Amino acid sequence: KKIGMYYKWIDGGYTGTDPLTIFDIVWYLIFSLGLGSALSWITVVDVTYSYLKAKKFKNEMPEKLKEMQFKISHLELSKEQIIQLRVEGSQFLGENLPIHTGNPDRFVLSNSNGYRVVVWINPSKKEFTYYSSVPDNDGDGINECLYAFDDNKILFKTLNDYLSGYSGKNYRVKDGIVLENEFRLGYEKYQMESKEKVDEWIEELRKSVTWQEMQRSVIRYFIYSHHPEVVSPAKLSAMIRQELLELNDKISIILSEAKKIGFIVNETEEGYYLSVSKECGEDEKVKLNDQYEAKIKTQFPDAYILLGNKKITESHLKRLLVE
């Protein structure tokens, strides 16, 4: 008291303000004996419910994978031993995918958002596997395809298409057959999409199991790079350089037309995207979109993808150049 400090028996500390009042003491008793207890029980109930819900619906990690993770984390293994464990893990999950050790049969496509695509190729069997991984997704998408050559064209079709995770494989296509009923029932059960949208996806799956010409430039050139008997290294480099020139020409035309229409061009690390002014009204937005459909999308149906991935596509194509 001599130095202006007062003991607070409520929390065992000291304060430089006035001593506790009757109101402070009454409020403390009400809160600690009433509200505090009630709120604490609400917290207990909420935490208990969350725990039981997680326990009921969780997917246990297989013991085999736990064992392999423990070995990698706690044992001093050689590079060869680690690679072997990764191979065993892949085979345990039923993937049997090759593990990257500088393997030229593997090509990685990715962007800054963490979306990742890896393509493996087996030239002797004319097969490639398209593996896609999305952050926070429950599983990885696996698309196993066959390919063939028609002169210099590459034809391909889907053999297996499924989502793979700890809970197993969820097939959409198996052995070249679209599992329409299973696919449809899965979406109807959780009512995740409209019937029309599911019908549209099924139609795309039906198309995927028939031979079609490959249009994706990067994967197409990656396959060519493994078949010099079809396209020589010199010809492949010439084709890629021509592709790069055409890509730049397309982007220049799209951006020029977009600016004329009234769009704002924005540049990113991966490419470009179009936006409109904040002052633009709804009617004006509709008008701009109509002009985009008429003047750009009719000429370049994949303009949005071309713009958004321009720099990434350039980088991947240059990796396949043979000097």
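Looking only at residues in the stretch 220-247 that are among the charged types (D, E, K, R) and part of a helix (DSSP H, G or I), the one that is surrounded by the fewest Cβ atoms within 10 Å (Cβ to Cβ) is Glu246.
Here's the yes/no breakdown for (1) without any contact (Cβ under 8 Å) to a residue 12 or more places away in the chain; (2) more than 30 Å from Asn181 (Cα to Cα):
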{"site": "Gln212", "(1), (2)": "no, no"}
{"site": "Ser232", "(1), (2)": "yes, yes"}
{"site": "Arg241", "(1), (2)": "no, yes"}
{"site": "Leu245", "(1), (2)": "yes, yes"}
{"site": "Leu255", "(1), (2)": "no, yes"}
{"site": "Gln291", "(1), (2)": "no, yes"}
{"site": "Lys295", "(1), (2)": "no, yes"}
{"site": "Pro301", "(1), (2)": "yes, yes"}
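I'd like the full set of residues that are under 13 Å from Ile154 (Cβ atoms), among the β-branched types (Val, Ile, Thr) and over 26 Å from the mean Cα position of the chain (by Cα), limited to the stretch 222-251.
Result: Val230, Val231.
Matching residues to (1) surrounded by fewer than 16 Cβ atoms within 10 Å (Cβ to Cβ); (2) over 23 Å from Lys311 (Cβ atoms); (3) among the hydroxyl-bearing types (Ser, Thr, Tyr); (4) in contact with a Pro (Cβ under 6 Å, 6 or more places away or on another chain):
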site: Asp249; (1), (2), (3), (4): yes, no, no, no
site: Leu255; (1), (2), (3), (4): no, no, no, no
site: Phe263; (1), (2), (3), (4): no, no, no, no
site: Glu267; (1), (2), (3), (4): yes, no, no, no
site: Glu282; (1), (2), (3), (4): yes, yes, no, no
site: Leu288; (1), (2), (3), (4): no, yes, no, no
site: Ala294; (1), (2), (3), (4): yes, yes, no, no
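Can you find a residue in the stretch 179-189 that is polar (S, T, N, Q), surrounded by fewer than 15 Cβ atoms within 10 Å (Cβ to Cβ) and either assigned to a strand (DSSP E or B) or modelled with pLDDT under 85 (or both)? No, every residue in the stretch 179-189 fails to be polar (S, T, N, Q), surrounded by fewer than 15 Cβ atoms within 10 Å (Cβ to Cβ) and either assigned to a strand (DSSP E or B) or modelled with pLDDT under 85 (or both).
In the set (1) under 23 Å from the mean Cα position of the chain (by Cα); (2) more than 25 Å from Gly176 (Cα to Cα); (3) modelled with pLDDT of 90 or more; (4) exposed (fewer than 13 other Cβ atoms within 10 Å of the Cβ), Glu204 fails one condition alone, (2).
The values are calculated or read from the model by the stated rules, or taken from the named source; none is laboratory data. Quick caveat, the model's predicted, so the values are computed rather than measured. When we count neighbours, we look across all protein chains shown, and the Cβ atoms used for this are built from the backbone with ideal geometry, even at glycine.
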